[in-house]
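Single-structure report; data block below.
The values are calculated or read from the model by the stated rules, or taken from the named source; none is laboratory data. Note that the coordinates shown come from a computational prediction; the quantities given were computed from them, not determined experimentally. FYI the Cβ positions are ideal-geometry reconstructions off the backbone, even for glycines, and counts take in every protein chain you see.
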Amino acid sequence: MKFAHISDCHLGSNKEPLLKNLELDAFHYALEECIRRKVDFILITGDLFHSNIPDLGVVNSAVKKMKEVVFQNIPIYVIYGSHDYSPNETSMVDILSSAGLFTKVVRGEVKDEKLTLQFFTDPKTGVKIVGISARRLGLEKKYFEMLDREALEKEPGFKIFAFHSGITELKPKGLSLMESIPLSYLPKGFHYYAGGHIHQHLMQRFEGYGLVAYPGTTFAGYPRDMEDSARGEKRGFLIVSFGSGIENVEFVEIPGPEYVLFDYEATGKNSAKVNEELTKKCGELSAENKVVLIRVSGEMSGGNTTDIDFTKLRNILTQKGALYVNINRHNLTTREYQTLRPMGKDVGEIERNLFRENIGAVKVSVESLKGERGAKLAIDLLKILKQSQKGGETKKDYENRVLTQAIDLLELKEVL
Ligand SMILES: [Mn+2]
């Protein structure tokens, strides 16, 4: 007998058409493999969808494929992830469960501060499944604290515990800050602990417990996951063969696109130099038919981050045939603006302080734009631009009003 363990598909996480298709292709591939290899059932341990109300086009495509699986007499079992859960049980997962496409395998009740879970038994194999769904921000921790573990441990037979949380003892490197639960929160003596939430394939056997396994994602939806893929992380799912115990666990790789990752360090260079070097590097990268990920980080010695023409870089790579380009510049800063520290009692005061502190960094020739006068002018202009459209006002009237006020303030009438 064998079952498939799939997790973190995050269907619908990408709006970009190419990534959206890759994401669906990966999911379809996994399900087709499950049919081809004649698994007895499929267990999806959360984040099947990226949100509780995902893109309906994506849902439609995924449902068609899942229906094919179910027609082959392969049932699908699901638990919520941190992304597709709904506090009042009205997520897409609930709708599809109500429609009979798959079964949610989390059943339990809280009584006197104690959570009692009921096993779900797969009719074909007799496997007993029980699980705890995720809740946003790792709130499922509370459930684990209330869990009546003893009752679960006493249950005979082949048992699977499904969950969607990080385990402190089995955390991948670089995710040490991630919320997790200690291994001791899990009931002992299960044959297989089917984990979701960790976007990497991890597996370990623990004394007193069985095998704790995370298949990772089917496709890397987040830029961060794509970077991991580019560094060699394989994407796939698990096929677990079993009899009275686990016999074999196979990681089935799902083919994905080719990646190229380029890390650029900008520290100590000014914006002109950074622009020049990045343009040159993008011209040299072999980008054809690849997902190109560029990370620009560090503190530039001069100039502004907006001096760097990221649109141009993107265009260069697209023209070279890149499937998709992602430029990550969250860690790029510049020394010129390094004194930016939001200080003040309220938004207004913070804005005033920021303008005053930084007006010196802006090079202008007009006297009225310098110093205290310049700061005052900038604040007044910001006030005008922050106005919202009034009820009954057309978009055109609104735009004209803001434009007129701004021109008046800047005393630009004569020029125009
Ligand atoms: Mn996830």
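Where the second residue is polar (S, T, N, Q) and not in a loop (DSSP other than H, G, I, E, B) and the first is assigned by TED's automatic domain parsing to the domain that holds Gly221 and free of Cβ contacts under 8 Å to residues at least 60 places away in the same chain and lies in the stretch 1-26, which pairs have Cβ atoms under 8 Å and are six or more apart or on separate chains?
Taking only residues 6 or more apart or on different chains, the pairs are Leu24/Ser61.
Taking Ser297, is it under 22 Å from Arg231 (Cα atoms) and modelled with pLDDT under 95?
Values: under 22 Å from Arg231 (Cα atoms): yes; modelled with pLDDT under 95: yes.
Criteria met by Ser297.
For every residue, the table says whether it meets (1) at pLDDT 95 or above; (2) on the phi > 0 side of the Ramachandran plot; (3) outside the structural domain of Glu32 (by TED's automatic domain parsing).
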residue: Tyr222; (1), (2), (3): no, no, no
residue: Met226; (1), (2), (3): no, no, no
residue: Glu233; (1), (2), (3): no, no, no
residue: Phe242; (1), (2), (3): yes, no, no
residue: Asn270; (1), (2), (3): no, no, yes
residue: Lys290; (1), (2), (3): yes, no, yes
residue: Asp307; (1), (2), (3): no, no, yes
residue: Asn326; (1), (2), (3): no, no, yes
residue: Arg329; (1), (2), (3): no, no, yes
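May I ask you to list pairs of residues, at least six apart or on different chains, whose Cβ atoms are under 7 Å apart, with the first in the stretch 70-91 being in contact (Cβ under 8 Å) with a residue 60 or more places away in the chain and in a loop (DSSP other than H, G, I, E, B) and the second being among the charged types (D, E, K, R) and within 14 Å of the ligand (Cβ to nearest atom)?
Gly81/Asp8; Gly81/Asp47; Ser82/Asp47; Ser82/Arg136; His83/Asp47
Could you grab me the full set of residues in the stretch 135-169 that are in contact (Cβ under 8 Å) with a residue 40 or more places away in the chain, within 16 Å of the ligand (Cβ to nearest atom) and within 16 Å of His5 (Cβ to Cβ)?
Ala162, Phe163, His164, Ile167
Being more than 18 Å from Ala162 (Cβ to Cβ) and either more than 16 Å from the ligand (Cβ to nearest atom) or free of Cβ contacts under 8 Å to residues at least 24 places away in the same chain (or both) is the filter here, so list the residues in the stretch 228-240 that pass it.
Of all residues in the stretch 228-240, those more than 18 Å from Ala162 (Cβ to Cβ) come to 228-236.
Result: Ala230, Arg231, Gly232, Lys234.
Based on this model, can you work out whether Gly221 counts as within 20 Å of Glu145 (Cα to Cα), touching a residue at least 40 places away in the same chain (Cβ under 8 Å) and within 16 Å of the chain's Cα centre (by Cα)? Explain how you work it out, then say what you get.
Working: within 20 Å of Glu145 (Cα to Cα): no; touching a residue at least 40 places away in the same chain (Cβ under 8 Å): yes; within 16 Å of the chain's Cα centre (by Cα): yes.
No: the conditions fail for Gly221.
What tally of residues in the stretch 144-199 results from selecting those that are among the aliphatic types (A, V, I, L, M) and surrounded by 16 or more Cβ atoms within 10 Å (Cβ to Cβ)?
In the first step, residues of the stretch 144-199 are kept if they are among the aliphatic types (A, V, I, L, M); the result is 146-147, 151-152, 160, 162, 167, 170, 175, 177-178, 181, 183, 186, 194, 198.
Among the residues that remain, those that are also surrounded by 16 or more Cβ atoms within 10 Å (Cβ to Cβ) are: 147, 152, 160, 162, 167, 170, 181, 183, 186, 194, 198.
Here the count works out to 11.
Please tell me if Gly195 is over 30 Å from Gly12 (Cβ atoms) and not polar (S, T, N, Q). Steps first, please.
On the way: over 30 Å from Gly12 (Cβ atoms): no; not polar (S, T, N, Q): yes.
When the stated conditions are applied, Gly195 does not pass them.
Would the stretch 370-381 turn up any residue that is outside any helix (DSSP H, G or I) and at pLDDT 90 or above? Break it down stepwise before answering.
Keep residues of the stretch 370-381 that are outside any helix (DSSP H, G or I), which gives 370.
Filter again for at pLDDT 90 or above, leaving none.
No, because not a single residue in the stretch 370-381 is outside any helix (DSSP H, G or I) and at pLDDT 90 or above.
Just need a number here: residues in the stretch 284-331 that are surrounded by fewer than 16 Cβ atoms within 10 Å (Cβ to Cβ), farther than 30 Å from Ala361 by Cα and within 25 Å of the chain's Cα centre (by Cα).
2
On the given criteria, is Ala220 within 16 Å of the ligand (Cβ to nearest atom) and crowded, with 18+ Cβ neighbours inside 10 Å?
Details: within 16 Å of the ligand (Cβ to nearest atom): yes; crowded, with 18+ Cβ neighbours inside 10 Å: yes.
Judged against the criteria, Ala220 is a match.
Residue under question is Leu202, and the condition is that it be over 27 Å from Asn14 (Cβ atoms) and out of contact with any Gly (no Cβ under 6 Å at 6 or more places or on another chain); does it hold?
Working: over 27 Å from Asn14 (Cβ atoms): no; out of contact with any Gly (no Cβ under 6 Å at 6 or more places or on another chain): yes.
In short, no.
What are the residues in the stretch 68-105 that are surrounded by 20 or more Cβ atoms within 10 Å (Cβ to Cβ), within 25 Å of Lys2 (Cβ to Cβ) and of a type in the set (A, V, I, L, M), if any?
Of everything in the stretch 68-105, those that are surrounded by 20 or more Cβ atoms within 10 Å (Cβ to Cβ), within 25 Å of Lys2 (Cβ to Cβ) and of a type in the set (A, V, I, L, M) turn out to be Val69, Ile74, Ile76, Val78, Ile79, Val93, Leu96, Val105.
List the pairs whose first member sits in the stretch 188-216 and is within 16 Å of the ligand (Cβ to nearest atom), whose second member is among the polar types (S, T, N, Q), and whose Cβ atoms are under 6 Å apart, counting only residues at least 6 apart or on separate chains?
If the second residue must be among the polar types (S, T, N, Q), the pairs left are Ala194/Thr45; Gly196/Ser7; Gly196/Thr45; His197/Ser165; His199/Thr217; Pro215/Ser7; Gly216/Gln200.
Within the stretch 57-71, does at least one residue satisfy the condition of being among the basic types (Lys, Arg) and within 21 Å of Gly195 (Cβ to Cβ)?
Of the stretch 57-71, the ones among the basic types (Lys, Arg) are 64-65, 67.
Filter again for within 21 Å of Gly195 (Cβ to Cβ), leaving none.
Checked the stretch 57-71: no residue is among the basic types (Lys, Arg) and within 21 Å of Gly195 (Cβ to Cβ).
Can you name the residue in the stretch 3-55 that is modelled with pLDDT of 95 or more and polar (S, T, N, Q) and is also nearest to the ligand (Cβ to nearest atom) among such residues?
So the residue we want is Ser7.
Report yes if some residue within the stretch 123-133 is touching a Gly at 6+ places or on another chain (Cβ under 7 Å), away from the ligand (no atom under 16 Å from the Cβ) and of a type in the set (S, T, N, Q); otherwise report no.
no
Consider the stretch 24-67. How many of its residues are in a loop (DSSP other than H, G, I, E, B), under 21 Å from the mean Cα position of the chain (by Cα) and surrounded by 15 or more Cβ atoms within 10 Å (Cβ to Cβ)? Don't jump to the end; show me each part of the working.
Of all residues in the stretch 24-67, those in a loop (DSSP other than H, G, I, E, B) come to 37-40, 46-48, 50-55.
Those still in the list that are under 21 Å from the mean Cα position of the chain (by Cα) too: 46-48, 50-55.
Filter again for surrounded by 15 or more Cβ atoms within 10 Å (Cβ to Cβ), leaving 46-48, 50-52, 54-55.
Number of matching residues: 8.
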